[in-house]
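Take a look at the structure set out below.
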Amino acid sequence: MSFKKDLNNIHDKSYKDLFSTNDAFLSFVNTFIQGEWVDKLEKDKLILVDKSYILSDYEELESDIVYNATIGEQNIIFYVLLELQSSVDHSMPIRLLMYMVELWREILRNSEKKEIKRKSYRLPAIVPIVLYNGTKKWTCARNFKDIINESQLFGDNILDFKYILVDINSYSKEYLYEFKNIAAAIFLLDQDINAMEFLERLKNIVINFSNLTSEEKLLLKGWIKNTTNSDEIYDMNKLVDDIFNESKKEEVEIMVSNASNIFGKLKSDGIKEGKKEGKAELLITQLKKRFNGLSDYYTDKIRSLPEGVIDKIAADIFDLEKVEDIKKYL
């Protein structure tokens, strides 16, 4: 078992809780998004929209966060799609377009027809943002026109937009440590790291991110508890409570660096986990050869299986007549 929970909806809810505060959302935008308009955003002019626009087919795979903002006299909508899954979905530009159109449709439905027909009428700008925490490289098209057949023939005569990609695993820890804010702290802990590195980063955040507010510390504690398996790291919930309540740097270091009851357990778990991962990868290779390939659905499922189930599939591999037969083990 990994020390991090792998359920997408848990991660989605944790991020939605995090970005439900103006401070955290503004921290996220200021840290990870470039643009002249970024510096013009003000906390008291951000309004969280309590509604989701996710299509029913994708409700279990992703989530969204919507903010209204004003810059001067201009109304802006920030649409953040939480793509917290292990594989890249290349329909992303299409889905974003559908969500954006639905936002505009709702605005038009709630606007006076006389107002819409005026020459001065303007729709609010929608800034599409994708937050991705997968380990695979993001290879999906960023520009909408790149998924249109022969788009180069039509120049500016066809629809186009470019979404902002925030790829959590693409940032170095040195870069993230520079900011010392809530968004950087979450990204440091949500990257693809092992339990030892997670604890080391957590210690550094508690000691060095001294400008976090009490509310932000509560958000961070809640995020850690929601996204980690407590028992895998020597009762993570208790450890988190203890270190956030401790004001002395030396005491925090002692708590996190207690080799006898934390790091020793992590090493043992690491050996067990490495053995299981090796078996999983070998089984995936064998199944790919047997069935001339294997979809991401099955590879992701196999990697999350207990070691005993992996052994069972390996023993029964020649009894599997078609790839769908794997489902009875999942």
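The values are calculated or read from the model by the stated rules, or taken from the named source; none is laboratory data. The structure presented is a predicted model; accordingly, all values stated were derived computationally and were not measured. Positions of Cβ are backbone-derived with ideal geometry, glycine not excepted, and every protein chain shown enters the neighbour counts.
Figures for the structure shown
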item: Check on ASN143, surrounded by fewer than 12 Cβ atoms within 10 Å (Cβ to Cβ), over 30 Å from ASN208 (Cβ atoms) and either without any contact (Cβ under 8 Å) to a residue 60 or more places away in the chain or in contact with a Lys or Arg (Cβ under 6 Å, 6 or more places away or on another chain) (or both); result: no
item: Qualifying positions in the stretch 71-87 - surrounded by 16 or more Cβ atoms within 10 Å (Cβ to Cβ) and touching a strand residue (DSSP E or B) at 6+ places or on another chain (Cβ under 8 Å); result: ILE76, ILE77, PHE78, TYR79, VAL80, LEU81, LEU82, GLU83, LEU84
item: Test: residue in the stretch 316-326 that is under 24 Å from THR135 (Cα atoms) and not assigned by TED's automatic domain parsing to the domain that holds GLY134; result: no
item: Residue within the stretch 284-305 that is loosely packed, with under 13 Cβ neighbours inside 10 Å, at pLDDT below 80 and assigned to a loop (DSSP other than H, G, I, E, B) present; result: no
item: Qualifying residue in the stretch 114-127 (condition: closer than 30 Å to THR31 by Cβ, in a helix (DSSP H, G or I), of a type outside the set (A, V, I, L, M, F, W, C) and in the same structural domain as ALA24 (by TED's automatic domain parsing)); result: no
item: Out of GLU174, GLU178, sole residue that is charged (D, E, K, R) and either closer than 26 Å to ASN22 by Cβ or crowded, with 19+ Cβ neighbours inside 10 Å (or both); result: GLU178
item: Per-region count, the stretch 192-203, residues buried (at least 17 other Cβ atoms within 10 Å of the Cβ) and out of contact with any Ser or Thr (no Cβ under 9 Å at 6 or more places or on another chain); result: 3
item: Filter pass, LEU81 being in contact with an Asp or Glu (Cβ under 8 Å, 6 or more places away or on another chain), closer than 28 Å to THR21 by Cβ, modelled with pLDDT under 95 and not β-branched (Val, Ile, Thr); result: yes
